[in-house]
Structure formats: structure tokens, C-alpha cells
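J.: Got a structure for you, written out below as C-alpha cells; questions coming shortly.
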Amino acid sequence: MPTEQRRRSDRVSLLSPLRVSGTDPRGEAFTDDGRTLLVTHYGAAILLNRDLAPEQLIAIRREGSEQEAQARVVGRIEQQTDGSVYGIKFADPDVNFWNIK
């Protein structure tokens, strides 16, 4: 019988603009515009036109909001023509960054 894997929270398709900042793998500070593709309570899949490395720490801010959160890059999911899709996980698992109940 196959083992059923359960996610810790549901995934929600949400296209929302973001500001992403941090230090890239070359050591250069950056602040770039990006957007979400999917969100969960614990993180998101984001599209960003910048190279990021797994385990890299970034700060994200929702456009039109003062809310900011620290997140860790889990890894690159895919390459698209307008950037790379990355999985990210919030540093604080209790943050309700998306204000979704």
C-alpha cells in the first residue's frame, strides 16, 4: 500500500507582487520585484529574475503592505522566460504573512 504524504498546509494559487531583498550568491546586495505563484502557511513559490541559492536567507515584503518576513530559499523549482521559480520557507513558522485563515 503506498504511503500517503500530507502537506503541512494547503497550497493556494495567488499572484501577488513582492519586493525581495538579500545578498545574492556573489555577495551583492539586491532588492528586486518578484511575485508569488503559490502560497502556503509556511512559504511560497515565487518568481524572481535573480539567481538564488538553496539555504539563502532573503526578506520578502508584500507590495502595498508594511509586512515583511525572513525566508529561506528551499531551491529552484523551474526556469521560466521571465525568471526562476523558487520554493521559499518562512524562517518563523508561526508568521501569518499572507493573512489567510
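The values are calculated or read from the model by the stated rules, or taken from the named source; none is laboratory data. Note that the structure is predicted; figures quoted are calculated from it, not measured. A quick note on method: Cβ atoms are made from the backbone with ideal geometry, for glycine too, and the neighbour counts reach across all protein chains shown. Calculation scope for accessible area: heavy atoms of the full protein, side chains included, ligands and nucleic acids excluded. Shrake-Rupley method; radii C 1.70, N 1.55, O 1.52, S 1.80 Å.
J.: Looking only at the range 62-95, which residues are at pLDDT 95 or above, open to solvent by 70 Å² or more (accessible area, probe 1.4 Å) and closer than 18 Å to residue 29 by Cβ?
T.: 70, 72
J.: Just for the range 33-51: of the residues that are more than 10 Å from the chain's Cα centre (by Cα) and within 24 Å of residue 96 (Cβ to Cβ), which one is modelled with the lowest pLDDT?
T.: We begin by selecting, within the range 33-51, every residue more than 10 Å from the chain's Cα centre (by Cα); these are 33, 41, 49-51.
Next cut, within 24 Å of residue 96 (Cβ to Cβ) only: 33, 41.
Working: 33: 96, 41: 89.
Filtering the range 33-51 for residues that are more than 10 Å from the chain's Cα centre (by Cα) and within 24 Å of residue 96 (Cβ to Cβ), the one modelled with the lowest pLDDT comes out as 41.
J.: Looking only at the range 63-96, how many residues end up being touching a strand residue (DSSP E or B) at 6+ places or on another chain (Cβ under 6 Å), in contact (Cβ under 8 Å) with a residue 40 or more places away in the chain and either not small (Gly, Ala, Ser) or not in a strand (DSSP E or B) (or both)?
T.: Qualifying residue count, the range 63-96: 6.
J.: What's the number of the condition residue 27 fails, among (1) open to solvent by 90 Å² or more (accessible area, probe 1.4 Å); (2) on the phi > 0 side of the Ramachandran plot?
T.: For residue 27, the failing item is (1).
J.: Same structure, new question: Tally the residues that are touching a Gly at 6+ places or on another chain (Cβ under 6 Å) and free of Cβ contacts under 8 Å to residues at least 40 places away in the same chain, restricting the search to the range 40-58.
T.: Total meeting the criteria: 5.
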